[in-house]
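Q: Before we start, here is the structure in question, set down as structure tokens.
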Amino acid sequence: MKLKLVLASALLAIGLSASAQTVIKFSHVVAVDTPKGQAALFFAKKAGELTKGKVKVEVYANSALYKDKEEMEALQIGSVQMLAPSLAKFGPLGVKEFEAFDLPFIFDDTADLHKITQGPVGAGLLAKLDARGIHGLAFWDNGFKSFSANTPLKNVADFKGKKFRIQSSKVLEEEIRSVGGIPQVMAFSEVYQALQTGVVDGTENPISNFYTQKMHEVQKHLSITNHGYLGYAVIVNKKFWDGLPADIRGELEQAMKEATVYANQIAQEENDKALDGVKKSGKTTVYVPTKEERLALKKAMAPVHTKMADRVGKDTLQQIYKATGFDPAKL
Ligand code: LMR
């Protein structure tokens with residue numbers, strides 16, 4: 001009898017402690033060995049440590065749970081609690097200002113970029129998500145994108161008539177059109193096959209994504225254009241977040257702060273490693289455009305800024321230009 005009682009209370013205690021644990025499902029679409037994949041795991045570990053096990057972050061990589069569009073919907077209905085979509089994927093949510101990050105050549109380097117993502121403009125952008133039932137926690141870097149195809153991409157004329165897979169951003173659509181290409185929006189998880197089967201001719205991505213999705217197996221040419229930025233906003237379901245006890249939220253914010261430092265530290269390294277991998281594979285010819293070729297691309301793409309100014313918001317754009325010194329009119 002006594003033993004039964006002890007057993008019952010032990011079971012109750014296990015049950016209680018299990019139910020006291022909060023689970024955060026963190027879904028993303030890239031491979032584990034990428035800046036986002038690694039940073040998500042870092043955050044999961046830190047969150048567990050700082051909350052002393054009260055929070056368990058389960059990371060689902062490589063579109064294992066949801067593809068691009070579905071993951072946004074899953075977050076809003078609460079099927080997952082955390083995501084880190086790329087900034088190009090917020091337009092369909094109605095927050096078009098995020099597409100300013102897609103404007104070609106808008107950031108010269110990460111120092112310029114961080115003036116925005118790690119400063120007041122970035123905080124203002126994240127705050128715009130609240131009205132959509134989403135709370136923005138941080139910006140994480142990936143890096144600058146390069147173009148790939150099965151034919152060399154040296155001159156602007158080389159893009160003409162080619163189909164390029166892009167993320168779901170109107171700015172990226174214009175970017176491709178500005179060089180005579182045909183943009184095709186497609187979920188990240190479908191890109192490899194689309195390249196393999198010739199549904200599209202080429203694509204753009206930071207090298208870490210290119211390499212870890214094995215796109216180098218199905219693209220003969222990679223041109224290191226660094227023509228645009230790809231990074232992430234880490235977001236949570238707002239209702240879930242607001243419902244957490246304040247102390248837990250504080251610990252998670254600390255874990256996110258540390259994960260952000262980590263993410264931004266490793267992003268360049270991961271991309272450098274991936275470029276090495278591509279070169280070593282011998283499957284893709286890597287081309288570095290000359291200064292003149294890159295300038296010609298920049299000039300061809302400059303009108304995208306004026307065309308898209310209304311969409312991304314002239315105020316946001318002016319704030320970015322002011323911080324970084326970029327002036328498309330001067331090209
Ligand atoms: C893409 O769809 O190309 C990227 O946004 C994938 C990612 O999350 O880095």
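Q: Hey, how many Å between the Cα centroid of region 283-331 and the Cα centroid of region 55-133?
A: 21
Q: Find the relative contact order for region 188-317 and round it to a whole percent, using C-alpha pairs within less than 8 Å whose residues are 6+ positions apart.
A: Relative contact order of region 188-317: 38 percent.
Q: Provide the packing ranking of 221-227, 122-128, i.e. peptides ordered by the mean count of other C-beta atoms within 10 Å per residue, highest first.
A: With the highest mean Cβ count within 10 Å placed first, the list reads 221-227, 122-128.
Q: How are the Cα pair distances of region 73-204 distributed, in percent, across 5 Å bins from 0?
A: Cα pair-distance distribution for region 73-204, in percent: 2, 9, 18, 20, 19, 15, 10, 6, 2, 0.
Q: Right, something else. With viscosity set to 0.692 mPa s at 37 °C, what whole-number translational diffusion coefficient in µm²/s follows for region 144-231 from Stokes-Einstein and a Kirkwood radius over Cα pairs?
A: 261
Q: I would also like to ask the following. How long is the chain along each principal axis, judged by its Cα atoms, biggest number first, in Å?
A: Largest first, the chain extends 85, 44, 30 Å along its Cα principal axes.
Q: For region 223-303, state what percent of all Cα-Cα pairs lands in each successive 5 Å bin, counting from 0 Å until the bin that includes the largest distance.
A: P(r) over region 223-303, rounded to whole percents: 3, 10, 13, 14, 13, 12, 10, 8, 7, 7, 2, 0.
Q: What ranking, highest mean first, results for peptides 200-213, 155-168 when packing means the other Cβ atoms within 10 Å averaged over each residue?
A: In descending order of packing, they fall as 200-213, 155-168.
Q: Can you give me the long-range amide H partners of Thr22? Hydrogens built in the peptide plane at 1.01 Å from N, cutoff under 5 Å, separation of 5 or more residues or another chain.
A: Amide H neighbours of Thr22: Val55, Lys56.
Q: Over 19 Å between C-alpha atoms is what I'm after, so list which of Lys67/Lys279; Lys96/Lys128; Lys96/Lys330; Lys67/Lys283 land there.
A: In this structure, Lys67/Lys279; Lys96/Lys330; Lys67/Lys283 exceed 19 Å between Cα atoms.
Q: Determine the per residue accessible area of the chain with all protein chains present and a 1.4 angstrom probe, expressed in square angstrom.
A: With all protein chains present, the chain gives 45 Å² per residue.
Q: For region 278-331, just the Cα atoms, rotate onto the principal axes and tell me the three extents in Å, largest first.
A: 46, 21, 21
Q: Sequence gap at least 6, Cα distance under 8 Å: using those rules, report the relative contact order of the chain to the nearest whole percent.
A: Value for the chain: 25 percent.
Q: What residues have an amide H closer than 5 Å to that of Ile182, excluding those fewer than 5 places away on the same chain, when H is modeled at 1.01 Å from N in the peptide plane?
A: It is Gly161, Lys162, Lys163, Phe164, by chain and number.
Q: Okay, next question. Considering every Cα-Cα pair within region 180-331, what fraction, in whole percent, is farther apart than 25 Å?
A: 51
Q: Using a 1.4 Å probe on the protein heavy atoms, what percent of the accessible area of the chain belongs to carbon and sulfur?
A: 55
Q: Return the lysines within reach of Lys162: Cα separation strictly under 16 angstrom, same-chain partners fewer than 8 residues apart disregarded; answer none if there are no such residues.
A: The qualifying lysines are Lys154, Lys220.
The values are calculated or read from the model by the stated rules, or taken from the named source; none is laboratory data. Keep in mind it's a predicted model, so treat the numbers as computed, not measured. No Cβ is skipped: glycine too gets one built from the backbone with ideal geometry, and neighbour counts run over all protein chains shown. What goes into the accessible areas is simple: the full protein's heavy atoms, side chains included, and nothing from ligands, DNA or RNA. Shrake-Rupley method; radii C 1.70, N 1.55, O 1.52, S 1.80 Å.
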